[in-house]
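Here's the structure, in structure tokens; my notes come after.
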Amino acid sequence: MILTVTLNVALDITYHVERVDWGHVNRVARHGTRAGGKGINVARVVTTFGHTATIAGFAGGATGEAIREEVSRSGIAHHLVAIAGESRRTVALVEGGRTTLFNELGPEVSPDEWAEFRETYSKLLRDCGVVVLSGSLPPGLPADAYAVLVRRAREAGALTLVDTEGPALEHALAAHPDVVKPNVHEIQALSGRECAEANDVAAAARWLRDAGARGAVITRGADGMVASNDEGTWLGLPPERLTGNETGAGDAVAAALAIGLEDGRPWPGPVADAIAAGAAALMSPVAGDVDLEAYRRFRRLVRLQEA
């Protein structure tokens, strides 16, 4: 079982518009509302690929209740610790091939609520082989929250994938996660390195490993990704330059990598899976969905080369 941890769950609202006219009334062509946060999106993709996932995190207020109800309807098991604060909402504005996000900060989490989550998490670790820790940390949690959870997972014998940024990622690296998955902008901000070219990104991936990660994947949007572990370093290229709803593409990448960890498959196979999954996610109007037909077509065309 793959456990996905979303400490800052959200109610995701997606608006599709032909063109944004800022400062004026805009008509929405279509919209969607569903439970979100990166780990929830990962869990949806994991189950789409036929694997079992369980969601853990916090949820509070009326928004939190709406999140619980929507996740329950999806059929994915969840353990969302109740908190006093109101869970956040996010708005994705999809305009042609461009997505603009408006993300609320999230509710304050108390020390007692954090302690209750850690207790729940420890119980869930008994039945899982891989943990995906992704997304932002809500206010009130320590910057080393993911590092704490990585260490606890290792003690339980589970592998870990961390997808976050800033101080949360920096602290997590010190706990030696099995895989980290920042995007190119996040690694530039953390490392201070310029990552304009593929060689620069490959060097940044090796830097992440030197900092503590056992494996590193840096996503580059339409330019694919760079992956590095003890088996080598690869540049992965999508079959074509694609546009669409980018909101859940990185989460689909994380899901494919987590499945590779659970199956014990060596790289670069799971890296190619991840590229195809991310590309297929662009074809779906809401985060957390993957077009399986597109995935199978893209998977045959993914290109990998040593970097």
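The values are calculated or read from the model by the stated rules, or taken from the named source; none is laboratory data. Only a predicted model underlies this, so the values are computations on that prediction, with no experimental measurement involved. Cβ atoms come from the backbone with ideal geometry, glycine included; neighbour counts cover every protein chain shown.
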Quick check: is even one residue across region 43-59 in a helix (DSSP H, G or I) and touching a Ser or Thr at 6+ places or on another chain (Cβ under 6 Å)? yes
Kindly indicate which of Gly221, Gly278, Gly260, Gly269 is within 24 Å of Arg300 (Cβ to Cβ) and either at pLDDT below 90 or not small (Gly, Ala, Ser) (or both). Gly221
Within region 226-285, of all residues that are in a loop (DSSP other than H, G, I, E, B) and aliphatic (A, V, I, L, M), the one surrounded by the most Cβ atoms within 10 Å (Cβ to Cβ) is Leu282
Kindly indicate the residue of region 90-120 that is over 16 Å from Ile40 (Cβ atoms) and of a type in the set (Phe, Trp, Tyr) and also farthest from the chain's Cα centre (by Cα) among those meeting that condition. Trp114
Considering only region 185-198, state which residues are assigned to a helix (DSSP H, G or I) and out of contact with any strand residue (DSSP E or B) (no Cβ under 6 Å at 6 or more places or on another chain). His185, Glu186, Gln188, Ala189, Leu190, Ser191
Hits in region 121-178 - residues which are under 19 Å from the mean Cα position of the chain (by Cα) and of a type in the set (Ser, Thr, Tyr): Tyr121, Ser134, Ser136, Tyr146, Thr160, Thr164
Condition set out of contact with any Lys or Arg (no Cβ under 9 Å at 6 or more places or on another chain) and part of a helix (DSSP H, G or I), scope region 199-225, selection nearest to Val253 (Cα to Cα): answer is Gly221
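Output the number of residues of region 99-134 satisfying the condition of being buried (at least 17 other Cβ atoms within 10 Å of the Cβ), modelled with pLDDT of 95 or more and not aromatic (Phe, Trp, Tyr).
12
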Quick check: is even one residue across region 272-281 over 24 Å from Gly75 (Cβ atoms), out of contact with any Gly (no Cβ under 7 Å at 6 or more places or on another chain) and in contact (Cβ under 8 Å) with a residue 60 or more places away in the chain? no
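Can you tell me which residues in region 1-42 are in a loop (DSSP other than H, G, I, E, B) and surrounded by 24 or more Cβ atoms within 10 Å (Cβ to Cβ)?
Within region 1-42, Leu7, Asn8, Val9, Gly37 qualify.
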Looking only at region 53-69, decide whether some residue is in contact with a strand residue (DSSP E or B) (Cβ under 8 Å, 6 or more places away or on another chain), surrounded by fewer than 16 Cβ atoms within 10 Å (Cβ to Cβ) and modelled with pLDDT under 95. no
